[in-house]
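Here the structure comes first, spelled out in structure tokens, and everything after it is commentary.
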Amino acid sequence: MAVRGKVLIVEDDRAICNFIRRVLEANGYEALIVHTGREAISMLTSHCPDVMLLDLGLPDMDGLQVLTQLRKWSLLPVVVVSARTDESEKVRALDEGADDYITKPFGTSELLARIRTAIRHTRTTGGNPLIAKENKFRAQGLLIDYDKYRVYVDGQDANLTQNEFKLVALLGRYAGRVLTYDYLIREIWGPNKAYDNQILRVNMANIRRKIEKNPAEPQYIFTEVGVGYRMIEGDSPADKEA
Ligand code: CA
């Protein structure tokens, strides 16, 4: 099996390191492991990982410090691994330049999905390969047509308003990744609307009524409580590689 990518794991908990290493190696990734922030920084400069999994609670420094340092010279995708239930910590990590986060405890499929998405986004310079190819995003019965500015569910036009479409379109471009409330509000309504979450919540409720079979149990756009929203990963031929 061809190596799918080199993953640097920065984590001081040996049991979690071993779990992640087993999962990654079984799925064709190469795993590099370090246990401190200092080692992480030296590893980042000496090896060239494709993605870093970064624990926030390290023995010698806060994981966010590693991220801040890295961002001075590199756009390497970073998935923050957090044991903390504190949502503001996750928002801060995303604001500091993390690409995504995963909360302990997590399962195999969630871990692999985060890594796949993070690597895919760098290899396609921030774009979604399927969208780049045909200007459409597909996930199960959902279809976003970027040329027609329309969203279809099982072939039916969802009749989204302009702002509703912009929201769904943006989440589709970053499918699989969480986009923060603040980021979405700034992108759709401009900087002056920042921190007014109400307008976003109202729009999302309307979107869900139009695209989800059961708005209370969404299958396309998920709420990351206290952080933002995440679109389901698209049906991508890239998933079948290797
Ligand atoms: Ca830790």
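The values are calculated or read from the model by the stated rules, or taken from the named source; none is laboratory data. All figures in this text were calculated on a predicted structure; none of them were measured in a lab. So basically every Cβ, Gly included, is an ideal-geometry build from the backbone, and we count neighbours across all protein chains shown. The accessibility values were calculated without ligands, DNA or RNA, using every heavy atom of the protein model including side chains. Shrake-Rupley method; radii C 1.70, N 1.55, O 1.52, S 1.80 Å.
How about LYS104: which lysines have a C-alpha closer than 19 Å to its C-alpha, ignoring those fewer than 8 places off in the same chain?
Those lysines meeting the cut-off are LYS90.
If the reach is capped at under 18 angstrom between alpha carbons, list the aspartates and glutamates near LYS136, excluding any in the same chain fewer than eight residues apart.
ASP145, ASP147, ASP154, ASP157, GLU164, GLU233, ASP235, ASP239
In the chain, what percent of the accessible surface is made up of carbon and sulfur (1.4 Å probe, ligands and nucleic acids excluded)?
Of all accessible area on the chain, carbon and sulfur atoms account for 49 percent.
Fully extended, how many nm does the chain gain between MET61 and GLU96 (0.36 nm per residue separation, minus their Cα-Cα distance)?
11.0 nm
How far apart, in nm, are two points set 7 Å out from the Cα along the Cα-to-Cβ line at GLU110 and at ASN163?
The modelled label-to-label distance comes out at 3.2 nm.
What order, most packed first, do the peptides 133-142, 96-105 have when packing is the mean number of other Cβ atoms within 10 Å of each residue?
96-105, 133-142
Could you give me D for the stretch 129-241, from Stokes-Einstein at 25 °C and 0.890 mPa s, where the hydrodynamic radius is the Kirkwood radius over C-alpha pairs? Units µm² s⁻¹, please.
172
For ASN214 and TYR149, FRET efficiency with R0 = 25 Å and r from the beta-carbon atoms, rounded to 0.05?
With a Förster radius of 25 Å, E is 0.45.
Please compute the per residue accessible area over the chain with all protein chains in place, 1.4 Å probe, rounded to a whole number of Å².
Ligands and nucleic acids excluded, the result is 48 Å² per residue.
Let me understand the stretch 6-123 better: what is its radius of gyration from the alpha carbons, and its Dmax, in angstrom?
12.7, 34
For the chain, what is the convex hull (Cα atoms) projected area averaged across all directions, in square nanometres?
In nm², the orientation-averaged hull projection of the chain is 13.3.
Using label points projected 7 Å from each Cα along Cα→Cβ, tell me how many nm separate SER42 and ASN197, to one decimal.
4.2
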